[in-house]
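The structure is given below, and queries will be raised subsequently.
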Amino acid sequence: MNISETVKVSKDILILGIESSCDETAASVVRNGREVLSNIISSQIDIHTLYGGVVPEIASRKHMERIDQVVMKAIADAGVTMEDIDAIAVTYGPGLVGALLVGVSYAKSYAWALDKPLVGVHHIEGHICANYIENPDLKPPFMCLVVSGGHTHLVRVKDYGDYEILGRTRDDAAGEAFDKVARVIGLGYPGGPKIDKVSYEGDPAAIDFPRAKIADNEYDFSFSGLKSAVLNYLNSLSMKGENYDQADVAASFQQAVVDVLTGHSMAAIKEYGTDSFAIAGGVASNSHLREAMKKACDELGVKFYMPSPIFCTDNAAMIAVAGYHEYMAGNTADWNLNAVPALKLGER
């Protein structure tokens with residue numbers, strides 16, 4: 001489907017976004033790819049906290065229970081009707097396959113019933129596009145670091161929908177490492193916010209945890225060794241009958257992660273000469289990372305962008321924004337759209 005230039009400039013475009021890739025059931029209506037009219041998020045965090053992490057089967061069932069209510073509330077809060085919507089955008093990967101299928105099936109059903117275009121959105125593209133919501137001056141090209149529970153990507157945003165991945169994690173994602181370390185030091189799930197909070201009580205230089213470097217790609221990440229270093233440190237103290245300071249471990253671990261993320265990002269900025277840098281994803285709401293990135297960008301004279309925390313975690317506003325740009329480029333899906341749990345950025 002091709003969208004004419006006349007349509008682009010003569011009417012507002014309303015996109016309904018649907019997100020269900022993990023444990024948030026979310027829907028949002030966005031006007032013209034920038035203005036959020038509604039943003040409804042139904043979180044399952046209390047349920048999964050009981051199990052120390054997301055249980056895929058439970059997540060899928062809860063999505064099925066909540067998705068219709070969430071979408072209807074998003075439409076109502078936006079003050080529009082389903083007939084006003086120009087296209088329906090939905091996350092189709094990556095993520096938990098069962099959870100993705102709920103959102104994809106729902107979006108396909110509504111698009112078919114209302115004869116609306118369907119747009120499949122990559123979850124990571126959604127996170128990148130979250131930066132457009134509150135930053136009207138931000139336009140490609142720019143550099144973006146996406147850090148979440150399942151992904152750590154350093155991306156050159158060449159244009160809307162055009163991405164070059166400079167570096168990605170070789171093992172654990174940053175958010176995954178936060179969750180695992182939080183669990184072993186007794187903070188529980190979700191690990192990111194809890195480590196961020198308790199770190200203010202600790203010394204980030206108390207323990208010298210390693211900062212991994214990848215020999216064949218300086219922009220790739222690895223956090224598995226850091227996680228193992230924390231475990232080895234705790235085990236060594238346990239064998240000697242010594243206690244550890246929870247806040248010091250949290251702060252020192254977090255500092256190691258922040259140093260790696262910041263170091264890789266600034267190196268890429270210097271090599272590629274970009275004048276704008278953004279962060280995105282759940283870990284982008286970490287206050288220490290936000291402070292470190294802003295300071296580093298200021299030192300290089302680079303404009304720094306970051307979404308508000310509500311747009312860092314999984315939400316449908318970012319999916320609607322990404323869907324808007326895909327829709328305007330004529331990239332719509334057919335009824336064969338399916339969940340792709342291991343979808344790579346740039347694939348269709």
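Each row is one residue, and each column tells you yes or no for (1) small (Gly, Ala, Ser); (2) in contact (Cβ under 8 Å) with a residue 24 or more places away in the chain; (3) assigned by TED's automatic domain parsing to the domain that holds Gly150; (4) part of a loop (DSSP other than H, G, I, E, B).
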| position | (1), (2), (3), (4) |
| --- | --- |
| Leu187 | no, yes, yes, yes |
| Gly192 | yes, yes, yes, no |
| Pro204 | no, yes, yes, yes |
| Pro210 | no, yes, yes, yes |
| Asn217 | no, yes, yes, yes |
| Lys227 | no, yes, yes, no |
| Ser238 | yes, no, yes, no |
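With Gly186, Gly225 as the choices, which residue is surrounded by fewer than 21 Cβ atoms within 10 Å (Cβ to Cβ) and either of a type in the set (D, E, K, R) or within 19 Å of Val147 (Cα to Cα) (or both)?
Values: Gly186 fails: either of a type in the set (D, E, K, R) or within 19 Å of Val147 (Cα to Cα) (or both).
Exactly one of Gly186, Gly225 is surrounded by fewer than 21 Cβ atoms within 10 Å (Cβ to Cβ) and either of a type in the set (D, E, K, R) or within 19 Å of Val147 (Cα to Cα) (or both), namely Gly225.
Would you pick out the residues in the stretch 281-339 that are of a type in the set (Phe, Trp, Tyr) and touching a residue at least 40 places away in the same chain (Cβ under 8 Å)? I'd like the intermediate steps shown before the answer.
Residues of the stretch 281-339 of a type in the set (Phe, Trp, Tyr): 304-305, 311, 324, 327, 335.
Those that are of a type in the set (Phe, Trp, Tyr) and touching a residue at least 40 places away in the same chain (Cβ under 8 Å): Tyr305, Phe311, Tyr324, Tyr327, Trp335.
Residues are listed down the side, and each one gets a yes or a no for (1) under 26 Å from Ile45 (Cα atoms); (2) touching a Pro at 6+ places or on another chain (Cβ under 8 Å):
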{"site": "Arg183", "(1), (2)": "yes, no"}
{"site": "Lys194", "(1), (2)": "yes, no"}
{"site": "Lys197", "(1), (2)": "yes, no"}
{"site": "Ile207", "(1), (2)": "no, no"}
{"site": "Ile214", "(1), (2)": "no, no"}
{"site": "Ser222", "(1), (2)": "no, no"}
{"site": "Ala229", "(1), (2)": "no, yes"}
{"site": "Asn235", "(1), (2)": "no, no"}
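Could you tell me which of the residues Tyr163, Tyr132 is of a type in the set (Phe, Trp, Tyr), modelled with pLDDT of 95 or more and crowded, with 23+ Cβ neighbours inside 10 Å?
Numbers: Tyr163 fails: crowded, with 23+ Cβ neighbours inside 10 Å.
Matching residue, one of Tyr163, Tyr132: Tyr132.
I'd like to check something: does the stretch 42-52 contain any residue that is charged (D, E, K, R) and within 22 Å of the chain's Cα centre (by Cα)? Can you show your working first?
We begin by selecting, within the stretch 42-52, every residue charged (D, E, K, R); these are 46.
From what's left, within 22 Å of the chain's Cα centre (by Cα): 46.
Yes: the stretch 42-52 contains one or more residues that are charged (D, E, K, R) and within 22 Å of the chain's Cα centre (by Cα).
Between residues in the stretch 46-69 that are under 20 Å from Gly17 (Cα atoms) and residues that are surrounded by 13 or more Cβ atoms within 10 Å (Cβ to Cβ) and aromatic (Phe, Trp, Tyr), which pairs lie under 8 Å by C-beta distance while being six or more apart or on different chains?
Ile67/Tyr106; Asp68/Tyr106
The values are calculated or read from the model by the stated rules, or taken from the named source; none is laboratory data. Since we're looking at a predicted model, the values are computed, not measured. Neighbour counts are summed over all protein chains in view; Cβ atoms, including those assigned to glycine, are modelled from backbone coordinates with ideal geometry.
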